[in-house]
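Working notes, beginning with the structure itself.
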Amino acid sequence: MKKIFFMAVSFVFLFAVSVSANAVSVGDVNVYNFDGGLKLHAYSTNDNMNDHCYVVETPEGLVLIESTAYKENVNALNDYIKSLGKPLTAALLSYHPNGYKTYGEVKIYATENALKSWGEGGSVNNLTKSFIQALGDKVADDLPEKAEIVEEGQTLNLAGIDFKILHSSDGEDYDIEIPAINTIYRHMMGAKTHNILVSVPYIEAEIADLKNYQAKNYSLILTSHNAPENQKDVAEKIAYLEKVLQLATSGKNKDEFLAGVKAAFPDYNGEAYLEMSAGALFAK
């Protein structure tokens, strides 16, 4: 492990919080320090996947939210978890379960739909196979075959705090609310990133979800492909989705839609996702 360095930054949330940055062997970690000894360790892989994983730390222990694709990142994250000197009490794996064996005998929680997506013929299983075909043994190919099944709406008390399992627009994964730190996890958002938007009803559901985030005034929005975001990012994403919805319902064809979105959001990342959205929205 590289030498740890520190920088403190003040943020205005609903309660006092500061952020410190810890170096790890691969990627980096930002640590959000909350009142009551609660911490959120946000691990970024800094690779072509741009994966982000989270460790919630309480006085009683640690809870992992999501893993990542490459073995070297899984190993780096596991080393970091061990360095915290507290037991890893649970893993909430929603859409990124790869490398689960590395973390030891930890109880994994998942919805039935999430577990199915990891199994033969499931979307995460198929995605992992495509990664292996392209990238070989760099990819962590171990996917859980079983998990403690949780239901949408269920609240789990893990390491002394509550984690509420919520429905996601994607259907195969699940969202997680962490009331003790006024935070929500979802698979994707990204205020400056195109997302895969498969239908008009899906876009409408995404807008409704984000407006709910505004109503609940979450301090942080965690995702698997972006650094933690805030309410300013939520507002920007809603504006993006509303514009995309307008272009999807008024556009004559895929090319017109693509041109309109690119003109409205010229600096957005994830153009491949935009192409996939256009293909789905204007499929014949």
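Computed from the coordinates by the stated procedures, all read-outs in this text should not be read as laboratory data. For clarity, every value in this text was computed on a predicted model and none was experimentally measured. Here Cβ is always computed from backbone atoms with ideal geometry, including for glycine, and neighbour counts include all displayed protein chains.
Taking the square roots of five times each eigenvalue of the Cα gyration tensor of the stretch 117-176, the equivalent ellipsoid has semi-axes of 28, 14, 10 Å, listed largest first.
Relative contact order of the chain: 12 percent, from C-alpha pairs under 8 Å at least 6 residues apart in sequence. A simple rule links phi to the HN-Hα coupling: the Karplus curve 6.51 cos²θ - 1.76 cosθ + 1.60 with θ = phi - 60°, which for the stretch 160-167 gives x, 10, 8, 10, 9, 7, 10, 5 Hz, with x for Gly and Pro. The phi torsions of the stretch 127-134, fed into the Karplus equation with coefficients 6.51, -1.76 and 1.60 and a -60° offset, translate into couplings of 5, 4, 4, 5, 5, 5, 4, 7 Hz, rounded to whole numbers, with Gly and Pro shown as x. Along the Cα→Cβ direction, 7 angstrom out, place labels at K101 and A180. What is the inter-label distance in nm? Rounded to a tenth, the inter-label distance reads 3.1 nm. Here the sum of -39500 (n - 2.57) over DSSP H runs of 4 or more residues, divided by the residues of the chain, equals -10500 deg cm²/dmol at 222 nm, to the nearest 500.
What is the antiparallel percent of DSSP beta bridges lying wholly in the chain, to the nearest 5? Here the share of antiparallel DSSP bridges comes out near 75 percent. Axis angle, to the nearest 10 degrees, between helix 254-264 and the longest C-alpha principal axis of the chain: 60 degrees. For Y70, the residues whose modelled amide H falls within less than 5 Å of its own, excluding neighbours fewer than 5 places apart on the same chain, are A140. The alpha-carbon of K107 sits under 28 angstrom from the alpha-carbons of these lysines, leaving out residues fewer than 8 places away in its chain: K39, K71, K82, K86, K116, K129, K138, K146, K164.
Placing a label point 7 Å from the Cα of H167 along the Cα-to-Cβ line, the residues of the stretch 212-255 whose backbone N sits under 16 Å from it are 212-213.
Couplings for the stretch 268-273, taken from phi via the Karplus curve 6.51 cos²θ - 1.76 cosθ + 1.60 with θ = phi - 60°, read 7, 8, x, 5, 4, 5 Hz in order; Gly and Pro are left as x. Between A239 and K86, residue separation times 0.36 nm minus the direct Cα-Cα distance comes to 50.9 nm.
Compute the label zone of D255 within the stretch 170-212: residues whose backbone N is under 11 Å from the point 7 Å along Cα-to-Cβ. Counting backbone N atoms under 11 Å from the label point, the list is empty. For the chain, the C-alpha radius of gyration divided by 2.2 N^0.38 Å, with N the number of residues, is 1.00.
Return the equivalent ellipsoid semi-axes of the stretch 162-284 as a descending list in whole Å, where each equals the square root of 5 times an eigenvalue of the C-alpha gyration tensor.
Ellipsoid half-lengths, sorted descending, are 27, 14, 12 Å.
By the count of neighbouring beta-carbon atoms within 10 Å, fewest first, E145, E236 end up ordered E145, E236.
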